[in-house]
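Report on one structure; see the data block that follows.
Every read-out reported here was derived from the displayed coordinates using simple, explicitly stated rules and does not represent laboratory data. Since we're looking at a predicted model, the values are computed, not measured. In this analysis, Cβ positions are derived from the backbone assuming ideal geometry, glycine residues included, and neighbour counts consider all displayed protein chains.
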Amino acid sequence: MQAKLGQLSDLKFNLETWRRELRFHFDEMDTFQEKLEEISIREFGQEARQGIENFENRIMLEKSAIAKLRHRCKAKMRELDTTHLDELNVSRVYHEQSPLREDMRMYIKMHYDLKEEMMNFFTEYL
């Protein structure tokens, strides 16, 4: 029973960490959007406008992905909270969390790739 409790705690810790990270990334996208708006009011030309439009579209897609991942984390947390400890099959829960873990891993890589591209763009135009 104590082992199950520890494993459940570990699962919840992962979910809470992912939710905090996703919330931070969502806020970061707002900050990047503000920087794009700063660039857009300056007269940089067609190439800058295309870059701004590209990044604005990618920010919208990123925010959508974040919302979906946050929802999945919340649903998984709710499932863990409502499952009675005696009924909890930890190996099954770990296995079921694997796709979410992989999606988070992929999302984080894509987020940092986007962030690097945006930082390069900001370096050029700010």
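Would you order Lys35, Lys12 from fewest to most other beta-carbon atoms within 10 Å of each residue's own beta-carbon? Result, fewest neighbours first: Lys12, Lys35. Dividing the summed helix terms, -39500 (n - 2.57) for each DSSP H run of n ≥ 4, by the number of residues in the chain produces a 222 nm estimate of -32500 deg cm²/dmol to the nearest 500.
With the convex hull drawn over the C-alpha atoms of the chain, the volume per residue is 90 Å³.
Extension gain for His95 to Ile108 (0.36 nm times residue separation, less C-alpha to C-alpha distance): 2.6 nm. Note on the chain: lysine pairs with Cα distance below 21 Å, sequence gap of 8 or more or different chains, count 15. Cβ crowding within 10 Å, taken as a proxy for footprinting-reagent exposure, orders Phe26, Phe121, Phe55 from fewest neighbours to most as Phe26, Phe121, Phe55. Summary value for the stretch 2-125: 42 percent relative contact order, contacts being C-alpha pairs under 8 angstrom separated by 6+ residues.
Spin-label pair Glu28-Thr123: with each label point 7 Å from Cα along the Cα-Cβ axis, the two points sit 1.7 nm from one another. Specify the angular offset, from 0 to 90 degrees and rounded to the nearest 10, of the alpha carbon long axis of helix 46-82 from the longest principal axis of the alpha carbons in the chain. Long axis of 46-82 versus the principal axis of the chain: about 10 degrees.
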